[in-house]
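**Q** First, the structure itself, so that you have it in front of you.
Nothing in this text is a laboratory measurement; each read-out follows from the coordinates by a stated rule. Note that the structure is predicted; figures quoted are calculated from it, not measured. For neighbour counting, all protein chains shown are included, and Cβ atoms are generated from backbone atoms with ideal geometry for every residue, glycine included.
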Amino acid sequence: MNLRSLFIVTAVFISLLGNLASAQEMTGLEIMELVEENQRATSDSAFNRMQLSTCRFGIKESRITCAERPRIKSLESVGKNFGDDGKDTKSVTIVLEPAAERGVGMLSYAYDDTQRDNETWLYLSALGRVKRIASGNSDDDSEPASVFGSEFTTEDTDTGKLEEYEIRVLEETTEGGREVWKIELIPNAERARKSRYSKTINYVDKERFIVLRVEMFDQYDNEIKRLLASRVELVNGTWMARSLTMMNLVSNRLSNMAFLEIHTDIAVEDEFLTTRTLTDVAFRETELEKLRQQVD
Amino acid sequence: MERILIALSDAFAQAPNRVLRYKQFVLTGLIVISAMMVWGIYTRTELDMTTDSFLDQEDPSMMALNEYRRQFGSDDSVFLVYRAKDGDVFSRESLLAIQQLTDDLRYWQQLDPADYPESINGIALDFDELNHVRRVQSITNIRYQENEGDTLLSNRLVPQQIPQSAEELAAIKARAMEQEDYLLAFYSADARYAAVMIQTDFGAQPIANYEPAVNAADIVLDDSFVDFDAFSDADSFDLEFDESAEIQEVSFESVDMLGYTNFHIITKALYEKYSDQFEFFPVGNPPMMEFMMDTLNQMMTLGIVMVLIFTLLLYILFRSFSAVLWPMVTIAASMAWTWGITVWLGVTISQMISLTVLLVFAVGIADCVHVMSAYFSYRRQGEDHYDALSHSYGKTGLAIMVTTVTTMAGVLALTTSDLLPIQVFGLMSAFGVVMAFFFTIVLLPILLDVWHPGAPEAQDASLADRIGKRWNELYIGKKAGLAVVYFIAVYALLGLWVGTYITVISLMTYVVVNWQLQILSYVPYIVARRPWVVLGLFGTLFVVCAYGMSLIRIDSNMTELTKEGSSIRVAYETVDENMAGAMSMVIMVDTHTTDGLYNPRLMQAIDELQSRIESRYADQVTRTNSLANIVKDTYQIMSDDDPAYYRVPEDEQMISQLLYLFNSANPEDRRALVSDDYSRSHISLNIYNAGSYQYQLFFDEISVEIDEVFAGLEQEFPELEVYLTGSMALLMRMADEVANSQYSSFIFAIGVISVIMIVTLGSLQGGLMAMIPNVIPALLGFGLMGLLGIALDTDTLLIAPLIIGIAVDDTIHFMTHYRVELIRTGSISESLITTIRDVGQAVMFTTMVLGLGFALLSFSDYLGMAKMGFFGSAAIFVALLCDLFLIPAMIMVFKPTFGVKGADTRITFMEKLA
């Protein structure tokens, strides 16, 4: 049993305990750590196929729906966890569709250590060049980058660095019929420099330890973005939301990230999670073929 | 007609006694209603001082600007230019200081308020205002792109750790000078000046009670968000979409002067900490509005001094404190009702209410002075209180009514404007003028009944009378000595300009107080001796002014509205001279097609438009920036920095990926330039400060260029829209709008006044003749400005009709009275003499009070106000000269009978003089 599985079992166990007795003893930080653990599990040694759809949204008969034909990006991603507790993640994401962006790739390293800033590289197929986006200096005030031009930013998708937040359980309530904790995360001065949010409020499913809803607030304490998680399924022993919808409440645009295929426990070469994958087309295709074979 | 006029005069004569009969009732009623009005003013007044409020939200330019803001956020920013006192903005000390300032502005939450003053200019510092800062860019945090092996780096121009060595600093400077996109935007070519760009969220912040529609109860995600088959072979799934879904449109919080001012004050506190190292020149809306706010405060002071001057002049001229108190009460009541009824009707008022106050004040004073002047003169002739009251209303009532109607007509013409606050202003002012008339008829007689000066021979002579008496007993030498001491003191204490102003007031008052009767009785003889000379002089004045008026240009230049050497003007001039222009403008490009901006031909058209503008309008535009610059830059850098690649690629996929890269590296920059679906973008232009007239020409030319450059793209983008917008374009559109509405208002007012004069004076000949003295004051104001090359800005233009309305009131009094006299006496000569004698005093008094009062406004730092004060005052005095000299001369020469049959047209002054 690897470390990850141990964590999941622990999480499920604790959550069961929580339901039987009282989970009040868990602090907000502990809950969020379990949530992130869960999140990392879905990307560890994983080969996923995702679709990002972005559109301007409206309301029709009490339903939130796209008001225009959504722009669709089809992506393949490979990820693996590293570090002592498996809290650092590395992943490569490559664009399959649309044709104009086919072959564009993104490599990102997310570190749990607050002293190390996350890193991202981009590869442009039309030019055959790699560019590092976030610079390595930790003193830098890098802005959160948009994930493939969607409403998601790296700030929304990256895990780790929970110590940089003041975390507090606000209340216990229900969301979409599920029992949840409402947990507030306020960035400390250091984190605030790099964040677009003054705080976030996370609705965490008490039983499954996944976030069902996140509200993001600006400096005036107005909610500017909202994440809704849906289609929660148990995938290879891990609960995950297979449809994530990020709504920008000011521009009224949303992006939906749908996990069409999820394959975990895949053998991923460490070498694959380097810039070589981005630039060396032959290498990339060979490795990807290996991964596809494992899936089929 | 004659009978109607006589009947009306009689009705006005009986009005005071009727009112007095129900004195208690009327007074109680007025007090109760006034109290209600005051209560309404305090509880219900909604003051909207935003520039946005001036345009209808449905107006095309407003919609364009809102569209822009929804997409790209606010275009309001502070361009904080600074001059390094050590002469080099790239010196270590300069860099350290500006790095610190940049951090202060970005991470202001970490500042200690104790390090800053509590208030500046009496405005308390509020650090929370800095929430409006959206982005701060300076030399110390801008980045440049660089190739390093296979990796493209986006490095800081100035490293976080500012180097010590001179060589390293020189290298930074050299590199900076190579960055063409930053040169002039962030530092001048000689490195003496640089700038901090503070972007704000003004005008793009959702309204306070904005509630996202998705917050409503029972709102859920559409099923299609979850309805995909997990392990199907299908490559993708499609989210359903429904074009009829209702998209919420965000409304934005409007910004007023105070909001900008508070923001600028705290910003100023932050940067002034570095004033040892730098001299600062802030430009943009916030500093401009702070200046305007200062001007408004100064206006308040000037207003108070103006009321003091009114008070003092009224007291000296009438020598009775009741003559001061009662007009003030009457005017206050008029104002309270006007303001009160407006807010009770739920109408939002703008800063233009100050102009309404000014107008009601002027009209109220004129009304009261005419009545009181007549009343006092009847009392001096020995009539008792009630007779004098009745006679004075009989004499002036009709004329007051006519002036009320004409002034009303003038301001009502403003309601044809497209700008809502101007419409409100027109209606409110018209109402205020009627209120002033109403209270003069209803309230003033009661007030004069409550307290009025005794008979002239009574012992209770007022202080003014006693001082005057003692002065007159002095020897001539002593008088002269005292006068010299007085004038020296005035000049020494108040300086040249204010000193001259006070001296003029003193001399005029002295002359009028001592010799008004002599002047008035001598005037007809002067005119009678040489009526043709008088006509000739005024004719020349008319021609010269008409010529001057043909030279006038209507132009509003933001900085030329401020005095030479004022901080704001210096700031704009500095920025125009050393950096990219202080003004900015945007050209919105909306393809209405998703990914439309990846199209190489469209991108080339944008590039072409920019180079055309930069080369053809180099005297107006300093630099342009757009997505095309980004594409060209990135293309070159990604192609081993080969300058041959500094161009828009031919290939859609290439553009798409270059922009993809840009988006990933600088998402904020990208979002500020192009919409998320790449359907719309904008070209920003830095332009030099100029007047609205020049801008308007420039805008028209740019529109033509746009049409030419984008002509070939209609096939590919049938819905393509390319248009100018930005706060700047909006302001210019407002200026244009005001100029037009004022022009039509002016023409309309002249037409209406002519008709009223023709009706009142009972003859076409008389009416048209009366228009000549009415037009001359207006012509003089505009003509002088034309001759002196002073531009007529929108603010002056807005107030001009009011001043002219006030100036012609006296003429109307004069003509109306003359006509009534002509009907009564049947003799031109006799009517003229009595008219000059009876109305002359009131006309002189109102001219002095209003003319000198308005002249005070010339001292305003805001030239829009100063110009109107000076030229308005000149117009008022010229109107007096017209009344006293031109009208009598015309009557003597043309002998109009105003439809009075069998009038004696013989001129008999000379005989009398002989």
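**Q** Defining a contact as two alpha carbons under 8 Å apart and six or more residues distant in sequence, what relative contact order in percent does region B:573-638 show?
**A** Values: 24 pairs, mean separation 18.0, N = 66.
That works out to 27 percent.
**Q** Can you figure out the FRET efficiency of B:S639 with A:D265, using R₀ = 56 Å and their beta-carbon distance, to the nearest 0.05?
**A** Values: r = 43 Å, r/R0 = 0.77.
Between B:S639 and A:D265 the formula returns 0.85.
**Q** Now for a different question. In whole Hz and in residue order, list the ³J(HN,Hα) couplings for region B:198-210 that follow from phi through the Karplus curve 6.51 cos²θ - 1.76 cosθ + 1.60, θ = phi - 60°; x for Gly and Pro.
**A** 10, 8, 10, 10, 4, x, 10, 9, x, 4, 4, 9, 5
**Q** Counting pairs of alpha carbon atoms under 8 Å apart in space and at least six apart in sequence, what relative contact order in percent does chain B give?
**A** Details: 1340 pairs, mean separation 159.2, N = 914.
Worked out over chain B, it gives 17 percent.
**Q** Using a Gaussian network model of chain A whose springs link C-alpha atoms within less than 10 Å, name the residue from A:L75, A:L234, A:L34 with the highest mean-square fluctuation.
**A** A:L234
**Q** For peptide A:114-126, compute the average count of partner chain beta-carbon atoms within 10 Å of each residue's beta-carbon. All intermediate terms of the calculation are to be shown ahead of the outcome.
**A** Numbers: counts 0, 0, 0, 0, 0, 0, 2, 2, 8, 3, 11, 2, 12.
Taking all residues of A:114-126 together, the mean is 3.
**Q** Please report the net charge: other residues with Cβ closer than 14 Å to the Cβ of B:F871, K and R +1, D and E -1.
**A** -1
**Q** At 7 Å along the Cα-to-beta-carbon direction for both B:I488 and A:K290, put a label point, then send me their distance in nm to one decimal.
**A** 10.6
**Q** Say R0 is 51 Å: what FRET efficiency, to the nearest 0.05, do B:Y210 and B:E708 get from their beta-carbon distance? Spell out each step's value before the answer.
**A** Details: r = 41 Å, r/R0 = 0.81.
Once the sixth-power term is evaluated, E becomes 0.80.
**Q** Quick check on the exposure proxy: order B:H264, B:H452, B:H592 from fewest to most C-beta atoms within 10 angstrom. Before the final figure, lay out the partial values.
**A** Working: B:H264 25, B:H452 18, B:H592 12.
Final ranking by Cβ density, sparse to dense: B:H592, B:H452, B:H264.
**Q** Still on this structure: Counting only residues 5 or more places away or on other chains, whose amide H sits under 5 Å from the amide H of A:I64 once H atoms are built in the peptide plane?
**A** So A:I64 has HN proximity to B:V220, B:L221, B:D222.
**Q** Also, I was wondering about something else. What does the C-alpha gyration tensor say about the overall shape of region B:153-224? Classify as rounded when a/c is under 1.5, otherwise prolate if a/b is larger than b/c, or oblate. Each step should come with its number before you reach the end.
**A** On the way: a/c = 4.00, a/b = 2.75, b/c = 1.45.
Since a/c reaches 1.5 and a/b is larger than b/c, the shape of region B:153-224 is classed as prolate.
**Q** Would chain A count as rounded, prolate or oblate if I go by the C-alpha gyration tensor, calling it rounded below 1.5 in a/c and otherwise prolate when a/b exceeds b/c, oblate otherwise?
**A** Values: a/c = 1.42, a/b = 1.25, b/c = 1.14.
Judged from the Cα gyration tensor, chain A comes out rounded (a/c under 1.5).
**Q** As an exercise, identify the chymotrypsin sites (Phe, Trp or Tyr not before Pro) in region B:303-400 lying in DSSP coil whose Cβ has no more than 16 other Cβ atoms within 10 Å.
**A** Details: sites: B:F310, B:Y315, B:F318, B:F321, B:W337, B:W339, B:W344, B:F361, B:Y375, B:F376, B:Y378, B:Y386, B:Y393; in loops: B:F321.
Answer in residue order: B:F321.
**Q** Need one number: nm distance between label points at B:V329 and A:A282, each 7 Å from Cα along Cα→Cβ, rounded to one decimal.
**A** Modelled inter-label distance: 10.5 nm.
**Q** How far is it, in nm, from the label point at A:T173 to the one at A:Q115 when both lie 7 Å from their Cα along the line to the Cβ?
**A** 4.0
**Q** Test of understanding: what is the full-extension gain from B:R21 to B:R529, defined as 0.36 nm times their sequence separation minus their Cα-Cα distance? Each step should come with its number before you reach the end.
**A** On the way: separation 508, 0.36 × 508 = 182.88 nm, distance 4.92 nm.
Extending this stretch completely gives an extra 178.0 nm.
**Q** Find out how many positive minus negative residues lie around A:S43, taking Lys and Arg as positive, Asp and Glu as negative, among other residues whose Cβ is under 10 Å from that of A:S43.
**A** Details: positive: A:R40, A:K80, A:K90; negative: A:D44.
After counting each charged neighbour, the total is +2.
**Q** How much net charge surrounds B:S860 when only the other residues with a Cβ under 12 Å from the Cβ of B:S860 are counted, with Lys and Arg +1 and Asp and Glu -1? Could the numbers behind the result be given before it?
**A** Details: positive: B:K563, B:K867; negative: B:D294, B:D795, B:D861.
Combined, the nearby Lys, Arg, Asp and Glu give -1.
**Q** May I ask you to list the lysines whose Cα is less than 20 Å away from that of B:K563, ignoring any residue fewer than eight positions away on the same chain?
**A** B:K867
**Q** Quote the relative contact order of chain A in percent (integer), defining contacts as alpha-carbon pairs under 8 Å separated by 6+ residues. Each step should come with its number before you reach the end.
**A** Values: 617 pairs, mean separation 55.2, N = 296.
Once normalised by length, the contact order is 19 percent.
**Q** Given the pairs A:K161/A:K206; A:K131/B:K632; A:K194/B:K273; A:K87/A:K199; B:K273/B:K632, which are separated by over 28 angstrom at their Cα positions? Write down the numbers at each step before the final one.
**A** Numbers: A:K161/A:K206 22 Å; A:K131/B:K632 17 Å; A:K194/B:K273 26 Å; A:K87/A:K199 23 Å; B:K273/B:K632 40 Å.
Result: B:K273/B:K632 exceed 28 Å.
**Q** May I ask for the longest run of chain A untouched by GluC sites (Glu not before Pro) that are loop-located per DSSP and have at most 14 neighbouring C-beta atoms (other than their own) within 10 Å?
**A** Working: sites that count: A:E61, A:E269.
Between exposed loop sites, the widest span is A:62-268.
**Q** For each cysteine in the protein assembly as shown, check whether another cysteine's C-beta sits under 4.7 Å from its C-beta; list those where none does.
**A** Lone cysteines by the Cβ rule: B:C368, B:C545, B:C882.
**Q** Another one. Could you give the length gained by full extension between B:R175 and B:R3, i.e. 0.36 nm per residue of separation minus their alpha carbon distance, to one decimal place?
**A** Working: separation 172, 0.36 × 172 = 61.92 nm, distance 8.99 nm.
Roughly 52.9 nm would be gained on extension.
**Q** Calculate one ³J(HN,Hα) per residue across region B:757-766 by plugging θ = phi - 60° into the Karplus curve 6.51 cos²θ - 1.76 cosθ + 1.60, and present them in order as whole Hz with x for glycine and proline.
**A** 5, 4, 5, 5, 8, x, 8, 4, 4, x
**Q** For B:A189 and B:D115, FRET efficiency with R0 = 35 Å and r from the beta-carbon atoms, rounded to 0.05? Display every interim value, and only then the final one.
**A** Numbers: r = 35 Å, r/R0 = 1.00.
My answer for the efficiency is 0.50.
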